[in-house]
Structures are given as C-alpha cells and as structure tokens.
Amino acid sequence: MIKVKLFGLLRLDSGIKEIELEAGAVKDIYTELEKASDILSAKKLDACVVLVNGKSANKNTRLSDGDEVSFLSPVAGG
C-alpha cells in the first residue's frame, strides 16, 4: 500500500488528509484521487509539488509498497 497525504488547499477542498492506495506509479494515484473526491482533478494535481518519501517526484516516478506520496498545493500570498 502507498500512503498518500494531501496538504494546503487540496486537503481543505477535498477533506482528505491521508489515504492508502495501491499504485505502481504516481500517475496511478491521480486516477484514484479523482475517484475519491469530486473536487480533485488531474489539472489540480498537476499544479502541485509531488514528493515521494520526501524527495521531488513526477507522474512517472515508480512506487514501492510502503512509499509515502505527498501532494503540496501551490501557495499564493502577498
């Protein structure tokens, strides 16, 4: 199982803090998150910083059982 954590607006909008999924690559998580929440879309997820076990990753990053994937939504402020 892969532990997926959402941060920032993704967490607030979707109501999902953490979820466990089966996935072979980060791109597989996109589909599962879209199923889990009507709010989440590939477009929103593409705008995020993605970390696998605390290191920068992309859609094609392969995953292993026990990995932790974090999605950090972009921030804006002034």
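A short reminder: the numbers here are calculations on the coordinates, not readings from a lab. Nothing here was measured: the structure is a model prediction, and the numbers come from that model. As a convention, Cβ positions derive from the backbone with ideal geometry for all residues, glycine included, and neighbour counts pool all protein chains shown.
Residues in the range 59-78 that are in contact (Cβ under 8 Å) with a residue 60 or more places away in the chain and not in a loop (DSSP other than H, G, I, E, B): E68, V69, S70, F71, L72.
Contact map, the range 39-50: first residue closer than 17 Å to S70 by Cβ, second residue acidic (D, E) and part of a helix (DSSP H, G or I), Cβ cut-off under 6 Å, separation 6 or more or different chains; pairs are L40/E34. Of the residues examined, I19 is one that is assigned to a strand (DSSP E or B) and over 9 Å from the mean Cα position of the chain (by Cα). If the condition is being part of a loop (DSSP other than H, G, I, E, B) and either under 10 Å from the mean Cα position of the chain (by Cα) or among the β-branched types (V, I, T) (or both), then the range 28-58 contributes I39, L40, C48. Against the criterion of being of a type in the set (A, V, I, L, M), in contact with an Asp or Glu (Cβ under 6 Å, 6 or more places away or on another chain) and buried (at least 18 other Cβ atoms within 10 Å of the Cβ), L6 does not qualify. Any residue at all in the range 27-34 that is in contact (Cβ under 8 Å) with a residue 40 or more places away in the chain, surrounded by 19 or more Cβ atoms within 10 Å (Cβ to Cβ) and within 13 Å of K5 (Cβ to Cβ)? Yes, the range 27-34 contains at least one residue that is in contact (Cβ under 8 Å) with a residue 40 or more places away in the chain, surrounded by 19 or more Cβ atoms within 10 Å (Cβ to Cβ) and within 13 Å of K5 (Cβ to Cβ).
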